[in-house]
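**Student:** Below are the structure tokens for one structure; questions will follow.
The values are calculated or read from the model by the stated rules, or taken from the named source; none is laboratory data. Everything quoted here is computed from the prediction, not taken from an experiment. Glycine gets a Cβ as well: all are built from the backbone with ideal geometry, and neighbour counts include every protein chain shown. In case anyone asks, the SASA skips ligands and DNA or RNA and just uses the protein heavy atoms, side chains included. Shrake-Rupley method; radii C 1.70, N 1.55, O 1.52, S 1.80 Å.
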Amino acid sequence: QVQLVESGGGLVQPGGSLRLSCAASGSFFSIYFMYWYRQAPGKQRELVASVTREFSKNYADPVKGRFTISRDNAQNTVYLQMNSLKPEDTAVYSCNAREIGNSYWGQGTQVTVSS
């Protein structure tokens, strides 16, 4: 069993930056594939970024070049560094941990980009 707790969301002006954290409890964090998703009001949840056990990373097209996902297995934490934020990045951001047969979600953290 894994519990995930996100933090770092908030209100930021366009062009600003935020760093989200997702802290995991439980064992064997390093075996999980980790994902960041977001869901804006009235829209479907979308995948933002992912990082594998081997630290291979992928990004959705809208965030490429602006967002960076990273993981620290010693701290059982995955991060999402978000730069050059735009109003369309406004959403609830959630992290997801997966390994074969199991998927765990955090409660989400609100990111609002507005002047």
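**Student:** Probe of 1.4 angstrom, ligands and nucleic acids ignored: what's the accessible area per residue over the chain, in square angstrom? Mind showing how you got there, number by number?
**Tutor:** Details: 6140 Å² over 115 residues.
On a per-residue basis, 53 Å².
**Student:** Shifting gears a bit: What order do you get for 8-19, 53-64, 31-42 when each peptide is scored by the mean count of other beta carbon atoms within 10 Å, highest first?
**Tutor:** Values: 8-19: 14.1, 53-64: 12.3, 31-42: 17.4.
Order by mean packing, descending: 31-42, 8-19, 53-64.
**Student:** Students often forget the sequence filter, so: which lysines lie under 16 Å Cα-Cα from residue 86 once same-chain residues fewer than 8 apart are removed?
**Tutor:** 64
**Student:** Average projected area of the Cα convex hull of the chain, in nm²? Intermediate results must be reported in sequence, preceding the final value.
**Tutor:** Values: hull surface 27.0 nm².
The Cα convex hull of the chain, projected and averaged over all directions, gives 6.8 nm².
**Student:** In whole angstrom, note down how far apart the Cα centers of region 12-74 and region 76-109 are.
**Tutor:** 5 Å
**Student:** Please report, as a whole percent, how much of the solvent-accessible surface of the chain comes from carbon and sulfur atoms (probe radius 1.4 Å). Write out the running numbers ahead of the final one.
**Tutor:** Numbers: 2900 of 6140 Å².
The nonpolar share, carbon plus sulfur, comes to 47 percent.
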